[in-house]
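Asks: This is the structure I want to talk about, given as structure tokens.
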Amino acid sequence: MPQTVPEPRPSETHAAVRAALFLVLVGMCAALHIWKVPPALPQLQAELRLSLVESGFLLSAVQLGGLILGLPVALAAERIGLRRCIVAGLAILAVSSMLGAWLDSSLLVLLFRAAEGCGVLMIAMPIPALIRRLVPPDRLSRIMGLWGSYMPLGTVVILLAGSWILSLGSWQLLWWLLAALTLGCLLLTLRLVPPDPAADPGRPHDSVAQLVRATLGSVNVWLVALIFGLYAGQWMAVIGFLPTIYAAQGVGGTTAGLLTAIVAGANAIGNLSAGRLLHHGVAAWQLLVTGLATMILCAWAAFGAGLPASGQFVAVLVFSMMGGLVPTTLFVLGLTLTPTPRTASATIGWMQQCSSLGQFAGPPFVAWVVNRAGGDWQWTWTATAAFAAAGIVLSVLIGLRTRPRNATPRDATR
């Protein structure tokens, strides 16, 4: 006789939703570490005598973990346990931040930034799957909408709070405070998030080789992942160097942090808007082309058109806001176009790996272009436009490949 699965009690549902909301905060904590360098970059450049290109590598070093381990971590997280993976990532992040502040040479700071990247990856990669496991289906979309904005929201917090902390002390103080916050998140994760379920020995598992072949053998997966990398590289470069650009223009550290935080926060508007537009049937490739084309125009307006400071700020604000259409659309496409349901995690992992490649290469490439132009930031837009133009071409290819099958993210995710 078939057995019915008992409905969870309201108290259990409430605890699960509370745990899921807390995981969004854990993701924001990881985002604080990614974006703690931009407000501290003027101090780091002066104290460690960093060149502009070296500063670009310091901005992007945190992406080394995702660059190398994105797909492997995605494949391993389900096997070792999602909560265990997150706890290990928080521990790596806290220890790396402490050591980076304590052993303050340029090489060691760079190495521990790379280690922090591994921690961030081990936190951010499993959280969506863990949220899906925890919350009832009728609440999933709203909580995942919050998760989609964890990066811009964390960026806003650290650019504002970080600038204030840096006005009171050194960059090492900021590193130590974030390490303490991360340790607090680790302890709360152990308390609030349910343990990983015991493994079912009777459940069949695809081999790692099968999952890798299926994922990397899909042209659609490659297109989505490459667009993610091209988008992430230009956004990271522009937002990451904004405090430095403002400092060069004589804008104070706190004011520069506030302006950069507003720009970064605008990205969340685009993320949330993309979800609503996809739900109402707007084609994914059209959102991608719209977002990337607007980023080209706004980058030119901000850096190449000779606008006054107020006009530059508005242009960069729209650059970030319209760019926000891209990541949410790509995540939905990744889940829609994944070869099989079993390769969904691997697909997201490969997207993360390509995103990290873009974020690693973008800032140094932009810095190289600026150096070749004699330190003139007005040529920044040519570097970012090259990324965006390539993304537009790939987005059109996605539209051509999906149109004959009438596949849209809205239909596929109903």
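Asks: Within the chain, which complete DSSP H helices have Cα atoms spanning at least 24 Å along the helix axis and a mean Kyte-Doolittle hydropathy of 0.5 or higher?
Replies: In the chain, the long hydrophobic H runs are 10-34, 82-102, 106-124, 150-168, 171-192, 219-248, 253-279, 380-402.
Asks: By average Cβ neighbour count within 10 Å, what is the ranking of 372-383, 273-284 from highest down?
Replies: Ranked from most to least packed, the peptides come out as 273-284, 372-383.
Asks: Right, another one. Figure the gain on full extension for Ala293 and Arg403 (residue separation times 0.36 nm, minus the Cα-Cα span) and round it to one decimal in nm.
Replies: 37.5 nm
Asks: Let me ask something else about it. Would you kindly calculate the translational diffusion coefficient of the stretch 105-191, applying Stokes-Einstein with the Kirkwood radius from alpha carbon pairs, for 4 °C and a viscosity of 1.567 mPa s, and quote it in µm² s⁻¹ without decimals?
Replies: Details: Rh = 15.3 Å.
Using the Kirkwood radius from Cα pairs, D works out to 85 µm²/s.
Asks: Kindly list the residues of the stretch 209-237 that lie in the label zone of Arg342, defined by a backbone N under 17 Å from the point 7 Å along the Cα-to-C-beta vector.
Replies: Correct set: 209-218.
Asks: Quick one: putting +1 on the C-beta of Lys and Arg, -1 on the C-beta of Asp and Glu, what dipole do you get for the chain around its Cα centre, in Debye to the nearest 20?
Replies: 860 debye
Asks: Connecting C-alpha atoms closer than 10 Å in a GNM of the chain, tell me which of Ile92, Ile123, Ile245 has the biggest fluctuation.
Replies: Highest fluctuation of the listed residues: Ile245.
Asks: Name the residue from Ala388, Ala301, Leu325 whose Cα lies farthest towards the positive end of the charge dipole of the stretch 295-414, charges +1 on Cβ of Lys and Arg and -1 on Cβ of Asp and Glu.
Replies: Leu325
Asks: Sticking with this one: For the stretch 40-100, list log₁₀ I(q)/I(0) at each q in 0.15 Å⁻¹, using the Debye formula over Cα point scatterers of equal strength and ignoring solvent, two decimals each.
Replies: -0.63
Asks: For the charge dipole of the chain, defined by +1 on Lys and Arg C-beta atoms and -1 on Asp and Glu C-beta atoms about the Cα centroid, which residue among Thr343, Gly117, Val366 has the Cα displaced farthest towards the positive pole?
Replies: Comparing the listed Cα positions along the dipole, Thr343 ranks first.
Asks: Right, next: So for each of 395-401, 30-36, 296-302 I average, over its residues, the number of other beta carbons within 10 Å; can you give me the resulting order with the highest mean first?
Replies: Values: 395-401: 17.4, 30-36: 24.9, 296-302: 21.9.
Top to bottom by mean Cβ count within 10 Å: 30-36, 296-302, 395-401.
Asks: Quick one: if you stick a label point 7 Å off each Cα along the C-beta vector at Trp164 and Ala305, how many nm between them?
Replies: Simple spin-label model gives 3.4 nm for this pair.
Asks: Assuming R0 = 35 Å, what is the FRET efficiency of Leu216 and Thr382, from their Cβ-Cβ distance, to the nearest 0.05?
Replies: Details: r = 32 Å, r/R0 = 0.91.
Computed FRET efficiency for Leu216 and Thr382: 0.65.
Asks: Counting pairs of Cα atoms in the stretch 255-414, how many percent are more than 21 Å apart?
Replies: 51 percent
Asks: Please grab the % of Cα pairs in the chain that end up more than 38 Å from each other.
Replies: Summing the P(r) of the chain above 38 Å gives 18 percent of all pairs.
Asks: So the label point goes 7 Å from the Cα of Ala91 along Cα→C-beta, right? Which residues of the stretch 56-72 then have their backbone N under 17 Å from it?
Replies: No residues fall inside that zone.
Computed from the coordinates by the stated procedures, all read-outs in this text should not be read as laboratory data. A quick note: this is a predicted structure, and the numbers were derived from the prediction, not measured. When we count neighbours, we look across all protein chains shown, and the Cβ atoms used for this are built from the backbone with ideal geometry, even at glycine.
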